[in-house]
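Engineer: Let me give you the structure first, and then I'll get to my questions.
The values are calculated or read from the model by the stated rules, or taken from the named source; none is laboratory data. Keep in mind the model is a prediction, meaning the values are calculated, not measured. When we count neighbours, we look across all protein chains shown, and the Cβ atoms used for this are built from the backbone with ideal geometry, even at glycine. Keep in mind that these areas ignore ligands, DNA and RNA; they rest on the heavy atoms of the full protein, side chains included. Shrake-Rupley method; radii C 1.70, N 1.55, O 1.52, S 1.80 Å.
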Amino acid sequence: MIAWSPAAPMRPACPHRRLRRLLARELPHGLALGASTLRPWASASFVGARHIFPCAFAAGEAEPLRRSLAAHLEAVEWRLAGHVVADIAVESDAAGAMLRIEVLTVED
């Protein structure tokens, strides 16, 4: 006999640390990840998180670096068990001294 349990199924583990390691491998030389954060995110049909990674760079212009990094990161095939990378955005601050990478992951 099979017993029914009202407990919700287990949720996949948060991919933040794995995503950080994968992202660090994809960054060009001279771009360093800062202290990252994540915010839980949900829509009517999806559950996930928004991962925010500030980046500092040594020299150069922010806008060309932002454009090339955004194009590169969008082309990467991210492998996160139980999660899918739904969106990636790369933004620069007003001073042009920092970049911020935001990654939206949703549970698979």
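Engineer: Mind listing whichever residues of the stretch 22-70 are closer than 25 Å to V84 by Cβ and assigned to a helix (DSSP H, G or I)?
Structural biologist: Listed by number, the residues that qualify are L22, L23, A24, R25, E26, R66, R67, S68, L69, A70.
Engineer: Look through the stretch 85-103, keep the residues that are charged (D, E, K, R) and modelled with pLDDT of 90 or more, and return whichever of them is least open to solvent (accessible area, probe 1.4 Å). Full working, then the answer.
Structural biologist: Just the residues of the stretch 85-103 that are charged (D, E, K, R), to begin with: 87, 91, 93, 100, 102.
With the extra rule that they be modelled with pLDDT of 90 or more, the set shrinks to 87, 91, 100, 102.
Values: D87: 76, E91: 80, R100: 93, E102: 26 Å².
Checked the stretch 85-103; the qualifying residue least open to solvent (accessible area, probe 1.4 Å) is E102.
Engineer: Moving to a separate point now. From the set of residues in the stretch 45-59 that are more than 25 Å from D108 (Cβ to Cβ) and loosely packed, with under 12 Cβ neighbours inside 10 Å, which is nearest to the chain's Cα centre (by Cα)? I'd like the intermediate steps shown before the answer.
Structural biologist: From the stretch 45-59, those more than 25 Å from D108 (Cβ to Cβ) are 54-59; that's our starting set.
Filter once more, keeping what is loosely packed, with under 12 Cβ neighbours inside 10 Å: 58-59.
Values: A58: 22, A59: 24 Å.
The extreme case among them is A58.
Engineer: Collect the residues in the stretch 81-106 that are over 16 Å from S36 (Cα atoms) and assigned to a strand (DSSP E or B), keeping them in residue-number order.
Structural biologist: H83, V84, V85, A86, D87, V106
Engineer: If you don't mind, there's one more thing I want to ask. Which pairs do you get when a residue that is touching a residue at least 40 places away in the same chain (Cβ under 8 Å), found in the stretch 55-74, comes within reach of a residue that is in a helix (DSSP H, G or I), reach meaning Cβ atoms under 8 angstrom, with the pair 6+ apart or on two chains?
Structural biologist: Note: pairs meeting the criteria are F57/L65; H72/E26; L73/L23; L73/E26.
Engineer: Select from the stretch 32-44 the residues that are open to solvent by less than 60 Å² (accessible area, probe 1.4 Å), hydroxyl-bearing (S, T, Y) and either modelled with pLDDT under 90 or within 12 Å of the chain's Cα centre (by Cα) (or both) and list them in ascending order.
Structural biologist: Of the residues in the stretch 32-44, the ones open to solvent by less than 60 Å² (accessible area, probe 1.4 Å) are 32-34, 36, 43.
Those left that are additionally hydroxyl-bearing (S, T, Y): 36, 43.
Correct list: S36 only.
Engineer: Keeping to the stretch 71-80, report how many residues are closer than 16 Å to L31 by Cβ and either over 13 Å from the mean Cα position of the chain (by Cα) or in a strand (DSSP E or B) (or both).
Structural biologist: Residues of the stretch 71-80 that are closer than 16 Å to L31 by Cβ, as a first pass: 71-73, 76.
With either over 13 Å from the mean Cα position of the chain (by Cα) or in a strand (DSSP E or B) (or both) added as a condition, the list becomes 71-72.
Qualifying residue count, the stretch 71-80: 2.
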